[in-house]
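To start, the structure under review is shown below, and the notes come after it.
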Amino acid sequence: MFLKLLLLFELFSQGRGPIETSRAGAENSAEQCRSCHAAQYREWRSSRHSMAWTNDFFQFDYRKSRKQWCRNCHIPLVAQQKDDSAAITLRNEGINCITCHVRGETFFAKSKRPKSPHNTKPLATFGDDRFCEGCHQFNFPRFEESGELKNYTEEPMQNTVAQFRAGPYVQSHTCRDCHARSPAGHSYAGAHDLNMLRQALAFRVCRTSERVHTRLINQGAGHNVPTGDVHRHIAVKAWRSNTPENLVEAFYGRRFKPIVEGGKVTIWDSSLPPNTFRDWNFSHEALGGEPSEPINIEIRYLYGSRESYLPPFSESPHSVVFRVRTPFTELASCLSVRSGSF
Ligand code: HEC
Ligand code: HEC
Ligand code: HEC
Ligand code: HEC
Ligand code: HEC
């Protein structure tokens, strides 16, 4: 508990305020580290952390409200939040090396390497779930009239770390065991990486006399899928190519509603906790066409910036995680598939 407070206090504030590094302008740049740490730099450059400010999803959303609160996590450094040209350049680095590792002349890491030239303070919690918690776990905000953060409600807005702690993986894994497997440990692949999505999810489909049965399984994520941002959803879509107007869809994700006290509450949550599944079935006749015509089924992971998804989901930016195309009659019978209906 002492270390947790110490770490959060020293490094991150869960969006409560900007981070003062006590370093001037360009000294807050990843370019300062690049020559000696080329491998970490390269991986970080391709990570979502470095794109936290520049990415289109963020910018689209941010333009609607331009809150200081958003800046506190997506460009947290005071040096990134100023109006000078150094600040504007630094914003393109999003969450950078300095954000995670440096305050003033002090460097932070799990341990100091023997050849290190830095004044490094080792922190036992550095890089574990308490570290990620400083940005990846927070509740819905309430704002002052001025738009400043007033306080947080009791309702999680991003709940990734709590989901991890409540699940089975906390016994055997850290966040970094799954997210920092790249050679230099700085790529943090997540939902924008198709391999990660396919590692997380499995999809099964079978038929009974009239119906197609689908099962989506969270087999490999250490937290719910989707987790993180409120906009994330998964859509299951099914249609026949000649009658696309009869498309049927289901979605998995969260829905919220605003409350008078300010902030929001969750009114629906069909995201998939670790090692659980969700079933959905539909009549193949509802799709129109002939039984011999192939049925298309797609599992789409949706990004975008809409909190609530109403059909058609297809307009939203997405990754196709799985695609199946088979005539109804050629789907495996659910009775012949082991373990219940699958
Ligand atoms: C002049 C070369 C040089 C520069 C510039 C440099 N480092 Fe290092 N750093 C090293 C060396 C050498 C080590 C030890 C690495 C090893 O043994 O694997 C190290 C180790 C580290 C470690 C591990 C903890 C430790 O102290 O051993 C971190 C974190 C780190 N550097 C971050 C940074 C960051 C962030 C920057 C930019 C602000 C930076 N470094 C700039 C040479 C440099
Ligand atoms: C307390 C920290 C915090 C604050 C404050 C915050 N975010 Fe984020 N945001 C995150 C984290 C962590 C993620 C990564 C989770 C994920 O990818 O699902 C994220 C992801 C996002 C994404 C998804 C980006 C993508 O790559 O798809 C959008 C959009 C976004 N935030 C917009 C905002 C906006 C707009 C605000 C202000 C209204 C804001 N955020 C405030 C921490 C924060
Ligand atoms: C999101 C936070 C985060 C960012 C951004 C980040 N690091 Fe790290 N870094 C870590 C964690 C966590 C570790 C593992 C802790 C340890 O081994 O000491 C680490 C370890 C290191 C190490 C020790 C050797 C290694 O690779 O494990 C070096 C060197 C390093 N980082 C340099 C950098 C540089 C340079 C940048 C920017 C290009 C950077 N880091 C950006 C979190 C971050
Ligand atoms: C200083 C705040 C901060 C810290 C510390 C931090 N993150 Fe992030 N992380 C973010 C933000 C903000 C984003 C969203 C970037 C964007 O806009 O896409 C993000 C994105 C990610 C993503 C990509 C999500 C996606 O949907 O593709 C992963 C995975 C991730 N972080 C894992 C971690 C892990 C694991 C740790 C702890 C070792 C950690 N982060 C520490 C702020 C942080
Ligand atoms: C057992 C492996 C595993 C562990 C442990 C794990 N993750 Fe993930 N994580 C994944 C996989 C696989 C995905 C891709 C599927 C997805 O996006 O949900 C993912 C996705 C994410 C995303 C993308 C957002 C989203 O909506 O899915 C974030 C952010 C993230 N993880 C953060 C964390 C943090 C923080 C921890 C630790 C508290 C953690 N993860 C622990 C495997 C893991």
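Values quoted throughout were computed directly from the atomic coordinates according to the rules given, and no laboratory measurement underlies them. Since the model is a prediction, treat every value here as computed from it, not as a measurement. Note: ideal-geometry Cβ built from the backbone for every residue, glycine included; neighbour counts use all protein chains shown.
3J(HN,Hα) along region 47-55, derived from phi through the Karplus expression 6.51 cos²θ - 1.76 cosθ + 1.60 where θ = phi - 60°, amounts to 8, 5, 4, 6, 9, 4, 9, 7, 5 Hz, with x in place of Gly and Pro.
Excluding Phe143 itself, what net charge comes from residues whose Cβ is under 11 Å from its Cβ, given Lys and Arg +1 and Asp and Glu -1? Here the charged neighbours net out to 0.
Can you tally the net charge around Tyr169? Count Lys and Arg as +1, Asp and Glu as -1, for every other residue whose Cβ sits under 11 Å from the Cβ of Tyr169. Value of the local net charge: -1. Using all C-alpha to C-alpha distances in region 2-179, build P(r) with 10 Å bins and read off the rounded percent in each one. That works out to 9, 34, 39, 16, 2, 0, in percent per bin.
Within the shell defined by Cβ-Cβ distances under 11 Å, the residues around Gly288 carry a net charge of -3, with Lys and Arg each +1 and Asp and Glu each -1. For Thr208, the residues whose amide H sits under 5 Å from its own are His213, Cys334, ignoring neighbours fewer than 5 places away on the same chain, with H placed 1.01 Å from N. Over region 2-179, Cα pairs under 8 Å with separation of 6+ residues give a relative contact order of 23 percent.
Please get the size of the charge dipole for the chain, origin at its Cα centre, with Cβ charges of +1 on Lys and Arg and -1 on Asp and Glu, quoted in debye to the nearest 20. Dipole size: approximately 800 debye. Restricting region 121-227 to trypsin sites (Lys or Arg not before Pro) that sit in a DSSP loop and have at most 14 other Cβ atoms within 10 Å of their own Cβ leaves Arg181. Residue-wise HN-Hα couplings along region 289-294, as the Karplus relation 6.51 cos²θ - 1.76 cosθ + 1.60 with θ = phi - 60° gives them from phi, are x, 9, x, 7, 6, x Hz; Gly and Pro carry x.
Residues whose amide H falls under 5 Å from that of Val102, counting only those 5 or more places apart or on a different chain, are Phe108, with hydrogens built in the peptide plane. Under 17 Å from the Cα of Lys121, which aspartates and glutamates turn up, not counting those fewer than eight places away in the same chain? Answer for Lys121, where 17 Å is the Cα cut-off: Glu10, Glu105, listed by chain and number. Amide H to amide H, with H built 1.01 Å from N, Phe322 comes under 5 Å of Ile299, counting only residues 5 or more places away or on other chains. For the chain, take every pair of Cα atoms, bin their distances at 20 Å starting from 0, and report each bin as a whole percent. With a bin width of 20 Å, the distribution comes to 27, 52, 19, 2. The spacing between region 183-260 and region 111-160, judged by their C-alpha centroids, is 28 Å.
Report note on the peptides 118-127, 59-68, 42-51: ranked by the mean count of other C-beta atoms within 10 Å, highest first, their order is 42-51, 118-127, 59-68.
Loop-located GluC sites (Glu not before Pro) in region 46-153 (DSSP state not H, G, I, E or B) with no more than 14 neighbouring Cβ atoms inside 10 Å: Glu105, Glu144, Glu145, Glu148.
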